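The values are calculated or read from the model by the stated rules, or taken from the named source; none is laboratory data. Quantities reported herein were computed from a predicted structural model and do not represent experimental measurements. Cβ: placed from backbone, ideal geometry, glycine included. Neighbour counts: every protein chain shown.
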Protein chains: 2
Amino acid sequence: MSLLLFVALAGYQIAYRINQSAVVGIILAGIIVGPSLLGLVTYTDFVSSLAHLGAVVLLFTIGLEFEAKEITKPRYFLIALSGAVIPWFGGFYLATLFHFDFNASVFIGTALTATSIAIIANVLKEMGKLQTLPAKAIIGAAVIDDILALLALSASEGIVSGTFSVGVIMATTAKAVGFVGVGILTGRVLLSRVIQKFDETKLAIKYPESIFIFTMMVAFLYAMMAEFVGLSAIVGSFLAGASFAGAKLKHGHIFKEGAEYLQIIFAAIFFVSLGVIMDIRVVSPSLVWFIVALSAVAILTKVIGCGIPAKFQGMGLKDSLVIGLGMAPRGEVAMIIALIGLNQGLIRQDTYAVLILMSLLTTIIPPIIFRNWIFKR
Amino acid sequence: MSLLLFVALAGYQIAYRINQSAVVGIILAGIIVGPSLLGLVTYTDFVSSLAHLGAVVLLFTIGLEFEAKEITKPRYFLIALSGAVIPWFGGFYLATLFHFDFNASVFIGTALTATSIAIIANVLKEMGKLQTLPAKAIIGAAVIDDILALLALSASEGIVSGTFSVGVIMATTAKAVGFVGVGILTGRVLLSRVIQKFDETKLAIKYPESIFIFTMMVAFLYAMMAEFVGLSAIVGSFLAGASFAGAKLKHGHIFKEGAEYLQIIFAAIFFVSLGVIMDIRVVSPSLVWFIVALSAVAILTKVIGCGIPAKFQGMGLKDSLVIGLGMAPRGEVAMIIALIGLNQGLIRQDTYAVLILMSLLTTIIPPIIFRNWIFKR
C-alpha cells in the first residue's frame with residue numbers, strides 16, 4: 001500500500017516534470033515499477049481489489065458532477081453508436097490485413113469499440129472542462145458506449161464460438177438497457193428523495209458521516225448490480241453518483257468531499273495498476289508496427305466515428321474533435337475485453353499484449369494532445 | 001463492500017437508538033449480521049484486508065490530534081505502567097480462579113492491559129473536557145499504555161508458545177522502544193520539516209492532493225515498519241499521525257480532512273469486522289458470570305492502577321477517579337490483541353468471545369458513569 005502510494009507520488013512528480021496530466025504521469029510510473037522495467041510491483045489480487053475499488057470511487061465522484069438528465073440525451077446515442085461501429089470495422093479490417101485469423105480479428109475489432117470514461121473524465125476534471133458541452137457529450141456517449149461494447153463483446157463471443165443468436169443479443173441488450181433505465185429512474189425518483197429525508201433525521205444530525213457511508217454503500221451496490229447484468233462496475237457507480245448529484249443537504253453535504261478524498265487515494269492506485277498490469281516485454285518486435293497501426297486506427301476511427309455525428313449535430317469543428325479524441329482512450333474497458341478473450345482461449349497471449357498496449361497508447365495520447373494543442377492557452 | 005457499509009449504517013442507527021457511541025453500535029450490528037445470528041457476512045480475506053486498512057487509518061487520524069511532546073511526559077509513564085501491570089494480574093488471577101488454562105489466562109491478563117485511545121478521546125470531546133488536566137493525563141498515559149500492551153502481548157506470545165526468554169523480551173523491548181524513539185524523532189525532526197518544505201513546492205501548489213497521498217504513504221510505511229519490528233501496525237500509523245499533527249500547511253492542509261474521511265469508511269468496516277469475527281454462539285451460559293466478573297475486574301483494576309499513581313502525583317480525588325475510569329475502556333485495542341491470539345491459535349473461540357464482550361462492557365460502562373454521576377451538572 002505504501003509502495004503503491006509512493007509510485008503514485010512519483011507519478012505526480014513525472015506528470016509535473018513533463019507537464020502532462022497526473023493520470024499519464026501515474027500510469028507511466030506504474031509501467032516503470034511494474035514487470036516491464038523494474039519489477040518492483042506485480043499485479044496481485046490485493047492490487048487488483050484496491051484498483052477496482054478506486055475505479056468505482058472515481059466514477060462515483062464523476063457521477064456526482066452530472067445530473068442524470070444532462071447525460072441521457074438521445075443525440076449522444078448516435079455519437080456512441082457511430083463511435084462503436086466504425087472502430088469495430090477499422091480494427092477488424094486492419095487485423096485481417098496483418099494476417100490475424102478471423103477469431104482474433106473479431107476480438108481486436110471488439111476491443112476497439114470500448115471507451116474508458118474514467119481516464120478522460122479525470123483529465124477533463126483536472127483541466128476544469130467538465131461542465132462544458134463537449135465534456136457532457138463525451139460522458140453521455142461513453143456511458144452508452146459501455147453498453148454497446150458489452151453487446152459487441154457478447155456478439156463476438158457468439159460469432160467466434162459459433163453460438164451466435166439474435167435472441168441472446170436481444171436478452172443482453174434488454175438487461176443492460178433495463179439496468180441503466182431502472183438505475184437512472186430509481187436514482188432520480190427514489191434515491192434523491194431518500195437522501196433528502198435522511199438528511200433531516202436526528203441520526204444524520206448527530207452523525208453526519210452516516211450519510212457519507214450511505215452514499216458509498218449505494219455506489220458499491222450499483223457497481224455490483226452493473227456487473228451482475230454484464231456491464232462494467234464503473235457504469236453502476238457513475239449512475240449512483242449522478243443520483244446524488246442534485247442533493248442539497250444541510251448536514252450530510254460532507255459526502256461529496258468525502259468521496260473526493262477517497263478518490264484521491266484509490267483512483268491513484270487504479271492508475272498505478274493500469275501501468276503495472278502490462279508487461280511490455282512480451283511484445284515481439286514484429287508486432288510493433290501492428291501496435292502502432294492499430295493505435296492510430298483506434299484513435300482515428302473514434303475521432304471520425306464520434307466527431308462526424310457531433311459535427312452533424314451542429315457542434316463546432318473544435319468541439320467535435322474534442323469529442324472524438326475524448327472518446328479515444330480505451331483504458332481498462334478494452335483491457336477487460338482482452339482479458340475475457342484470453343481467458344476463453346479466443347485470442348493468443350501476443351494478441352492480448354497487443355490489445356493492452358493499444359489501450360495504453362490510446363489512453364496516453366489524447367490527454368497529451370488535449371493539453372498541448374487543443375486546450376493550450 | 002456495499003453490505004459492510006450497510007451494516008455500518010445499521011450500527012449508527014443502533015448507536016443512536018440506545019444512546020451509545022457509534023463504535024458500540026457498529027460492533028453490535030456486526031455481531032447481528034455475522035455468524036453469531038444472521039450469518040450474512042463472514043470474515044473473508046477481503047474483509048480482513050479492508051479492516052486492517054481501517055485500523056491503520058483510524059490510528060493515523062488519532063495520532064493527528066496529538067503532538068509528540070504532549071504525550072511523552074515521564075509522569076504519565078507511571079500511570080500507564082501501574083495501569084497495565086495491575087489489570088494484567090487481576091485478569092490472570094480471575095481467569096485461573098475460573099479454571100481457565102494457563103495460556104488463556106495469560107492472554108486474558110494481557111487483553112486487560114490495553115486502553116482504547118479512540119473511545120476515551122471521543123467521550124472527553126463530547127463532554128467538552130478535552131483540555132482539562134486529567135484528560136491530557138489520560139491521553140498521554142493511554143498512548144504509553146498501547147506500547148506496554150503490545151510488549152505484554154509479545155511477552156504473552158512467548159510465554160504461551162514456550163519460547164519466552166528474558167533475552168527475547170529485552171530484544172522486543174529494545175526494538176519496540178527503539179522504533180518508537182526513532183519514529184518520534186524522525187517524525188519531529190525530519191517528517192514535520194519535509195512536509196513543510198513539500199507544501200512550498202510547485203508540485204504541492206499544483207496538486208495539493210499529492211501531500212495527502214504523501215502523508216498516507218508515510219502512515220502505511222510506518223505501519224509496515226512497526227509490524228516489521230514486531231509491534232502492531234497501528235502503533236506505527238499513530239506515530240506517523242503524531243509526526244504531522246503540528247504541521248501548518250498552506251496548500252496541503254487538506255490531508256487531515258482527507259484522512260478523516262478515509263477513516264469514516266474504513267474504520268466503520270473495521271468495527272463491523274470486529275463484530276463479524278466473533279461468534280457469540282460459542283459462549284456457553286457458564287461463561288456469563290465470568291464475563292461479568294472479568295468486566296468488573298477490568299474496570300476496577302484500571303481505576304486502582306491508574307487512579308492511585310495519579311493521586312500520588314498530587315491530583316485531586318475526583319480527577320484521579322476520572323483518570324482511572326477514563327483508562328478503563330479496552331475498545332479496539334483489546335479486540336486486536338484477542339484477534340492476534342485467535343489467529344495464532346493461542347486462545348480458543350470462546351475465550352476470544354469473552355474478551356470481545358469484556359471490551360464492549362468496559363467501553364459502554366465508563367461513559368455512563370461519567371455522564372450520570374461524575375460530570376453531572
query = Residues in region A:342-374 that are farther than 21 Å from A:Ile26 by Cα and modelled with pLDDT under 80: how many?
reply = 8
task = Could you name every one of the helices (runs of 4 or more DSSP H) located completely within region A:53-122 that has at least 2 residues being modelled with pLDDT of 85 or more?
result = A:74-97, A:102-113
ask   = Which members of region A:275-301 meet the condition of being touching a Pro at 6+ places or on another chain (Cβ under 6 Å) and of a type outside the set (Val, Ile, Thr)?
value = A:Asp279
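I need the full set of residues from region B:301-332 which are among the aliphatic types (A, V, I, L, M) and in contact (Cβ under 8 Å) with a residue 12 or more places away in the chain, in order please.
Kept after step one, since they are among the aliphatic types (A, V, I, L, M), are these residues of region B:301-332: B:303-304, B:308, B:310, B:315, B:317, B:321-323, B:325, B:327-328.
Correct list: B:Val303, B:Ile304, B:Ile308, B:Ala310, B:Met315, B:Leu321, B:Val322, B:Ile323, B:Leu325, B:Met327, B:Ala328.
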Pick from region A:220-264, criterion over 14 Å from A:Phe60 (Cα atoms) and part of a helix (DSSP H, G or I), ranking: nearest to the chain's Cα centre (by Cα) = A:Glu227
task = Find the residue count for region A:226-267, including only residues that are among the acidic types (Asp, Glu) and either facing chain B (nearest Cβ under 9 Å) or more than 15 Å from B:Met1 (Cβ to Cβ) (or both).
result = 2
request  = Please specify each residue of region A:188-225 satisfying the condition of being of a type in the set (Gly, Ala, Ser) and more than 7 Å from chain B (Cβ to nearest Cβ).
outcome  = A:Ser192, A:Ala204, A:Ala219, A:Ala223
request  = Can you run down the residue pairs with Cβ atoms below 8 Å, 6 or more apart or on separate chains, where the first is in region B:33-56 and within 14 Å of chain A (Cβ to nearest Cβ) and the partner is in a loop (DSSP other than H, G, I, E, B) and among the basic types (Lys, Arg)?
outcome  = none
remark   = The residue that is nearest to the chain's Cα centre (by Cα), considering only those in region A:1-43 that are assigned to a loop (DSSP other than H, G, I, E, B) and buried (at least 19 other Cβ atoms within 10 Å of the Cβ), is A:Ser21
task = For residues that are of a type in the set (Ser, Thr, Tyr) and more than 7 Å from every other protein chain (Cβ to nearest Cβ), tally how many sit in region B:1-26.
result = 1
task = For residues that are crowded, with 16+ Cβ neighbours inside 10 Å, outside any loop (DSSP other than H, G, I, E, B) and not small (Gly, Ala, Ser), tally how many sit in region A:310-326.
result = 6
ask   = In this structure, is B:Gly63 away from every other protein chain (no Cβ under 14 Å) and either among the aromatic types (Phe, Trp, Tyr) or over 17 Å from the mean Cα position of the chain (by Cα) (or both)?
value = no
